[in-house]
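Chemist: What follows is a single structure, and I will ask about it in a moment.
The values are calculated or read from the model by the stated rules, or taken from the named source; none is laboratory data. Everything quoted here is computed from the prediction, not taken from an experiment. Backbone-built Cβ (ideal geometry, glycine too); neighbour counts: all protein chains shown. Only protein heavy atoms, including side chains, enter the accessible area calculation; ligands, DNA and RNA are left aside. Shrake-Rupley method; radii C 1.70, N 1.55, O 1.52, S 1.80 Å.
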Amino acid sequence: MTDQRHERALIVDFGSQVTQLIARRLRESGVYCEIHPFNKVDAAFLADYAPKAIILSGGPSSVTWEGSPRADDAVFSLGVPVLGICYGQQVMMEQLGGKVESGTSREFGRAFIEKVVDDPILEGLFHAGDHEQVWMSHGDHVADMASGFGVIAKSPGAPYAIIADPERRFYGTQFHPEVVHTTHGRQLLRNFTHGVAGLKGDWTMAAYRAEAVQKIRDQVGEGRVICGLSGGVDSSVAAVLIHEAIGDQLTCVYVDHGLMRAGESDQVVNLFREHYNIPLVHVDASDLFLGKLEGVTDPERKRKIIGGLFIDVFEDEAKKIGGADFLAQGTLYPDVIESVSALGGPSVTIKSHHNVGGLPERMNMKLVEPLRELFKDEVRALGRELGLTDAFVDRHPFPGPGLAIRIPGAITREKADTLRKADAIYIEEIRKAGLYNEIWQAFSVLLPVNTVGVMGDERTYEAVLALRAVTSTDGMTADYYPFEHEFLGRVATRIINEVKGVNRVVYDVTSKPPGTIEWE
C-alpha cells in the first residue's frame, strides 16, 4: 500500500474481466486506488486501509446463486461512499434489502440511458430527457430497490440503470462506466470520487517518485541489490529509480538469452553504462538458454525454463560481486492483482513469468519491487519523470521470454535469427511511416508452417511469418491496427526479399477481448 498521506479509494473485486479498468480510470483522475478480492476485504482490512470511497466491481456470478460472492457488511457500515457496478449494484441491493431477479431482462452491448432526476454523479453530463450511450452486460437485474434508494437514470432494459441513496452516498449502475464504450464513463467515475466522495486527486508521479525513493532506502538500508534487466521499459525504469535511491549499492545484470530484439543488447548496455553510469554486468548466456530450450515446444515449459535459468544466472552473478541481499524486479500492478487473485480471489491468472509470488526458497534474497503499484502507462510517466527519453519509455512492450514465445514449436538459433531480422524490418517500416506511437504493440511471429513458393526460377519451401499490431489504452482490451494494404505490401516484399527462410507474410486481424492479458 502506498503512503498514508494520499486519499485512497478501494475497489472490491468480484471477478469482472474489466475490474482493472476501474482502477485505471481512477488513477487517471489522480485518485490512488487498489484492487482487492472480495473475500480479503473485511472489517480489519478496511480499518487498516482506510478508504475514502469504495467501488464494488462487476463479476460473472449471479447473486441468485447459492454461495455467490458477497461484500463484507463492514463495507456498508464504514460511512464512506460506495458505488456498485453491475454485479456490484446487485450485491448492494441484495445485502441492503432489495431484490434481484435472474434471466427475465438481459442487455449485452450498447444501450442508451435516460436521466430521470438530477444528481451529483451526473454533474456536467446530460440533461433530463437526453439519452447517453453506455455499455451493458447483465442477465440479472434489480427488481426492487432497497429502502432509501431512488432512480437516477433508466434504460428500456434496465429501469434501475443508475440508483442512489443520497443520504448514505450509496450508488449503483447496471452498466459499466469503466469501459470506453460508455461515452462519459470516466466523468461519471470522477463525479463519484471527486464530487460525491470529495477526493482531491492528489496522486502524481512526482509524489510517487519521492515516496518510492524513500521506501527503497528504508527497505534496503545498507544492503546490496542486484537487478535483472530484461531490456524492457519496466525493469529499466525500476533500475534507474533504485539507483537514484541507493547509488552503487545496486548492480544491474543484463542477461542476453539469445532471444532479444535486434540491437537490444547494445542499446541497454549503452544506456546504463554510458548515460547513467550504473554498474552493469552483461552476461551472454545465449548458448545456455538455447541449449535448454532445444526441442521444447510447450509455451508454458518455455516460460518456466527461461524463468528458472534467469534465477540461476542472477544467483551466480550475485556470488561474483560478493553477494546480494535483494533482487529487484519490474513487477507491475496487473501482475500483483493476478497473483493475489490466484491465491484466493476470483480473477483468472494468465501470466506465469513473473516472480510476484516470491522467490525460490534456496535464494537468500528478498524482493525489491518499486513499480508494483503502477500500471504500464504510469511506469512510462515515471520513466519520463526520471529523465528517460520518450524514445525509450514509449517502446512497445516486450515479454521477458523474448522471442521464445513468438516462435511456436521448437526453438533454434536459426529461427531466432530469422525472426529477429524480419521483426526489425517490420518495426523499421512502422517507424518510417510515422505509426509507431499510434500502435500499442507490434511484433512478428514465426509460424511453425512452411509453404511452397516460387521465387525467380526456383521453388522454395520456407516459413510463414505473421505480423501483429494492436491499438490499446490499457493493455486489457485491444483491436488490430488497420494498416493500409500498400504498407503491408511494402513490408511483406522487404521481408521476403531480405530474410532468407520466409516466403510468405500474413497479417493477423484478431481483436483482443477483455480478460486476455497477453498477445505473445
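Chemist: Take Gln95 and decide whether it is open to solvent by less than 30 Å² (accessible area, probe 1.4 Å) and either without any contact (Cβ under 8 Å) to a residue 24 or more places away in the chain or of a type in the set (S, T, N, Q) (or both).
Modeler: Working: open to solvent by less than 30 Å² (accessible area, probe 1.4 Å): no; either without any contact (Cβ under 8 Å) to a residue 24 or more places away in the chain or of a type in the set (S, T, N, Q) (or both): yes.
No; evaluated as a whole, the condition is false for this residue.
Yes/no per residue for (1) modelled with pLDDT of 80 or more; (2) in a loop (DSSP other than H, G, I, E, B); (3) open to solvent by less than 70 Å² (accessible area, probe 1.4 Å); (4) under 25 Å from Glu28 (Cα atoms):
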position: Pro448; (1), (2), (3), (4): yes, no, no, no
position: Thr460; (1), (2), (3), (4): yes, no, yes, no
position: Leu467; (1), (2), (3), (4): yes, no, yes, no
position: Met476; (1), (2), (3), (4): no, yes, yes, yes
position: Thr493; (1), (2), (3), (4): yes, no, no, no
position: Thr510; (1), (2), (3), (4): no, yes, no, no
position: Trp519; (1), (2), (3), (4): no, yes, yes, yes
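Chemist: Can you name the residue in segment 8-36 that is open to solvent by 10 Å² or more (accessible area, probe 1.4 Å) and touching a Pro at 6+ places or on another chain (Cβ under 7 Å) and, of all such residues, is nearest to Met205 (Cα to Cα)?
Modeler: Filtering first and then ranking leaves Gln20.
Chemist: Answer with yes or no whether Gly30 is assigned to a loop (DSSP other than H, G, I, E, B), more than 25 Å from Phe149 (Cβ to Cβ) and free of Cβ contacts under 8 Å to residues at least 40 places away in the same chain.
Modeler: In short, no.
Chemist: Right, another one. I'd like the full set of residues that are in contact (Cβ under 8 Å) with a residue 24 or more places away in the chain, among the charged types (D, E, K, R) and assigned to a helix (DSSP H, G or I), limited to segment 216-233.
Modeler: The one that is in contact (Cβ under 8 Å) with a residue 24 or more places away in the chain, among the charged types (D, E, K, R) and assigned to a helix (DSSP H, G or I): Arg217.
Chemist: Which one of Gly402, Gly409, Gly434 is at positive phi and either in contact with a Cys (Cβ under 6 Å, 6 or more places away or on another chain) or buried (at least 21 other Cβ atoms within 10 Å of the Cβ) (or both)? Let's see the steps before the verdict.
Modeler: On the way: Gly409 fails: either in contact with a Cys (Cβ under 6 Å, 6 or more places away or on another chain) or buried (at least 21 other Cβ atoms within 10 Å of the Cβ) (or both); Gly434 fails: either in contact with a Cys (Cβ under 6 Å, 6 or more places away or on another chain) or buried (at least 21 other Cβ atoms within 10 Å of the Cβ) (or both).
After applying the criteria, what remains is Gly402.
Chemist: Which of the numbered conditions does Lys500 fail, given that it passes all the others? Conditions: (1) surrounded by 15 or more Cβ atoms within 10 Å (Cβ to Cβ); (2) closer than 30 Å to Glu294 by Cα.
Modeler: It is condition (1) that Lys500 fails.
Chemist: Quick one: how many residues across segment 412-430 are open to solvent by 60 Å² or more (accessible area, probe 1.4 Å) and touching a strand residue (DSSP E or B) at 6+ places or on another chain (Cβ under 8 Å)?
Modeler: 1
Chemist: Being touching a Leu at 6+ places or on another chain (Cβ under 9 Å), open to solvent by 10 Å² or more (accessible area, probe 1.4 Å) and either at pLDDT 95 or above or over 30 Å from His131 (Cα atoms) (or both) narrows it down to one of Asp218, Asp234, so name that one.
Modeler: On inspection, the qualifying residue turns out to be Asp234.
Chemist: Same structure, new question: How many residues does segment 135-164 contain that are at pLDDT below 90, open to solvent by 20 Å² or more (accessible area, probe 1.4 Å) and among the aliphatic types (A, V, I, L, M)?
Modeler: Here the count works out to 1.
Chemist: For the list (1) open to solvent by less than 20 Å² (accessible area, probe 1.4 Å); (2) touching a helix residue (DSSP H, G or I) at 6+ places or on another chain (Cβ under 9 Å), I need the number of the one condition that Glu244 fails.
Modeler: The single condition Glu244 does not satisfy is (1).
Chemist: Hey, another quick one. Please enumerate the residues belonging to segment 37-71 that are within 22 Å of Val196 (Cα to Cα), in contact (Cβ under 8 Å) with a residue 60 or more places away in the chain and open to solvent by 10 Å² or more (accessible area, probe 1.4 Å).
Modeler: Within segment 37-71, just Lys52 meets the criteria.
Chemist: Test Thr173 against the criterion of being among the hydroxyl-bearing types (Ser, Thr, Tyr) and in contact with a strand residue (DSSP E or B) (Cβ under 9 Å, 6 or more places away or on another chain), and give yes or no.
Modeler: Answer is yes for this residue.
Chemist: Which fully enclosed helices (runs of 4 or more DSSP H) of segment 266-385 have 1 or more residues being open to solvent by less than 20 Å² (accessible area, probe 1.4 Å), modelled with pLDDT of 85 or more and within 17 Å of Ala404 (Cβ to Cβ)?
Modeler: Values: elements: 286-293, 299-320, 333-342, 376-385.
Answer list for segment 266-385: 286-293, 299-320.
Chemist: Something else: Would you please name the residue that is surrounded by the most Cβ atoms within 10 Å (Cβ to Cβ), looking only at residues in segment 199-215 that are in a helix (DSSP H, G or I) and of a type in the set (D, E, K, R)?
Modeler: In this case the residue turns out to be Arg209.
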